[in-house]
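Before any comments, here is the structure.
What follows is calculated from the coordinates using simple rules that are stated; it is not laboratory data. On a predicted model such as this, the values are computed, not experimentally measured, just so you know. Positions of Cβ are generated from backbone atoms using ideal geometry, with glycine treated the same way; all protein chains shown enter the neighbour counts.
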Amino acid sequence: MRAIIAHSSDRLVWQEVPDVSPAAGEVVVQVSAAGVNRADLLQAAGKYPPPPGASDILGLEVSGTIAEVGEEVDRWQIGQPVCALLAGGGYAEFVAVPEGQLMPLPDAVELPHAAALPEVACTVWSNVVMTAGLTAGHVALFHGGASGIGTHGIQVARALDCRVAVTAGSTQKLDLCKELGAEILINYREEDFVARLRDATDGAGADVILDIMGASYLDRNVDALANDGRLVIIGMQGGIKAELNVAKLLGKRAGVIATALRGRPVAGPSSKSEVVAATVENVWPMVADGRVRPIIGAEFPIDQAAAAHELLNSGDVSGKVLLRVDG
Ligand SMILES: NC(=O)c1ccc[n+]([C@@H]2O[C@H](COP(=O)([O-])OP(=O)(O)OC[C@H]3O[C@@H](n4cnc5c(N)ncnc54)[C@H](OP(=O)(O)O)[C@@H]3O)[C@@H](O)[C@H]2O)c1
């Protein structure tokens, strides 16, 4: 089979590699498309090694068709269209997937476009709802509202009847967020998000903040939280170390949590399988009836993976970037 091998961060070569086969409890998926994630850029640059036991080929999500079924798999059959959350291996013609990380193709989504869903859907649902308890009537703030994560988060929060605030770096990106249902639109290059959020919420702030900046936003995120609010940090684009004013948290009974999806175990408590099952149960109905759709900013043939990485890195794209393996 062929897969992308990262010889360096900008030399991603589509080349022959050893075939994969399913271990017990796994299936092999023939890949239609793979989603590009910021983690793939970091891994290609040698800064984000795969967790122990995971494929060292890039790619954290795919859509495709089941080509082989391993022993002890009873829920899935050859020929079924699926998408899947991976710990690695997606930039390839075939990938082996633990059965708990497979998701049925949602109604109303074409097979290649389903590759835009697993990472964002599992990340948003696990953090914003399972961890932070977002529920109807809450105010949710998504930093990077026009990102893959942000464009999905806005739609899920609206489907849950929440008010949505976003930050983004341009009017064009804020327009997309508005079209998806965001109401409080903050240009982080020109405005103070704490002040804007307080103004828009009678001083209350956000019940849930999904943050991708880390250190550089920590103090202001705590300021922007409502009483009993939850700040969930999933990205470190603004650094890893900052001072946390515990008194501010204490006064608000607020919480700060940081999580990563890739390193979760395959099965058991807090696992990828648990997150995948909850996401399929709760988000797939929203996708099936059109309240949530994949937002795809660009598609590239798989042998142009380096150009896809360059585009995501440039910031000159909204929503997800896909690599097409099916031509
Ligand atoms: N922990 C996990 O399990 C997990 C899982 C998936 C993703 N992530 C992380 O989530 C983040 C988003 O992922 P993605 O794939 O959706 O990335 P992406 O599409 O590349 O988006 C990155 C976003 O960062 C925004 N940004 C940059 N500087 C900002 C600032 N000062 N304030 C607010 N936003 C800013 C950009 O906004 P503009 O373009 O508007 O400037 C852009 O939308 C990444 O950091 C990724 O590593 C974490």
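List of remarks:
- DSSP beta bridge pairing in segment 42-190, given as percent antiparallel to the nearest 5: 50
- Net charge dipole size for segment 150-247 [Lys, Arg +1 and Asp, Glu -1 on Cβ; Debye, nearest 20]: 240
- Net dipole in debye of the chain [+1 Lys, Arg Cβ; -1 Asp, Glu Cβ; about Cα centre; nearest 20]: 940
- Measuring max minus min along each principal axis, the C-alpha atoms of segment 74-148 give extents of 43, 27, 26 Å (largest first).
- Taking only the C-alpha atoms of segment 237-327, the Rg (one decimal) and the largest Cα-Cα distance, Dmax (whole number), read 18.8, 56 Å.
- For V27, the residues whose amide H sits under 5 Å from its own are G70, V97, E99, ignoring neighbours fewer than 5 places away on the same chain, with H placed 1.01 Å from N.
- Phi to ³J(HN,Hα) by Karplus 6.51 cos²θ - 1.76 cosθ + 1.60 over segment 208-213, Hz, x for Gly, Pro: 9, 10, 9, 10, 10, 9
- Within the listed set V73, V36, V28, the residue fluctuating most in the Gaussian network model of the chain (springs between alpha-carbon atoms under 10 angstrom) is V73.
- Dimensions of segment 184-237 along the principal axes, based on C-alpha atoms and rounded to the nearest Å, stand at 30, 28, 16, largest first.
- Rg over Rh [alpha-carbon atoms, Kirkwood Rh] for segment 41-86: 1.08
- Segment 147-183 residues near the modelled N282 label - backbone nitrogen below 19 Å, point 7 Å along Cα→Cβ: 149-165
- Helix-only [θ]222 nm of the chain, DSSP H runs n ≥ 4, -39500 (n - 2.57) each, per residue, nearest 500: -7000 deg cm²/dmol
- Positive dipole terminus of segment 193-327, leading residue within I209, I295, A242 (C-beta point charges): A242
- Distances between placed amide hydrogens fall under 5 Å for L225 paired with A206, all partners being 5 or more residues away or on another chain.
- In terms of other Cβ atoms within 10 Å, D211, D161, D175, D74 run from fewest to most in the order D74, D161, D175, D211.
- Between D175 and D303, the simple label model (points 7 Å from Cα in the Cβ direction) yields a spacing of 3.6 nm.
- FRET efficiency for E110 and R253, using Cβ-Cβ distance with R0 set to 51 Å, rounded to 0.05: 0.70
- Set of segment 134-175 residues, backbone N closer than 17 Å to the point 7 Å along the Cα-Cβ line of A242: 141-145, 166-169
- Just so you know, the Rg over Rh for segment 1-103 is 0.97, from Cα atoms, with Rh as the Kirkwood radius.
- Share, in percent, of DSSP beta bridges within the chain that are antiparallel, nearest 5: 55
- C-alpha long axis of helix 272-282 to longest principal axis of the chain, angle in °: 70
- As a proxy for reagent exposure, ranking E61, E310 by other Cβ atoms within 10 Å from fewest up yields E310, E61.
- At the listed q of 0.10, 0.11, 0.16 Å⁻¹, the Debye profile of the chain, built from one uniform point per Cα, gives log10 I(q)/I(0) equal to -0.55, -0.66, -1.34.
- Extended-chain gain in nm, criterion 0.36 nm per residue less alpha-carbon gap, E190 and S271: 25.2 nm
- Residue exposure proxy: Y91, Y48, Y188, Y217, ordered by other Cβ atoms within 10 angstrom of their Cβ from fewest to most, comes out as Y48, Y188, Y217, Y91.
- Relative to the longest principal axis of the Cα atoms of the chain, the long axis of helix 148-159 lies at roughly 70 degrees.
- Qualifying lysines (Cα of each under 29 Å from Cα of K47; at least 8 residues distant if same chain): K173, K241, K272, K320
- Look at the dipole of segment 22-131 built from charges on Cβ: of Q77, V62, Q43, the Cα furthest out on the positive end belongs to Q43.
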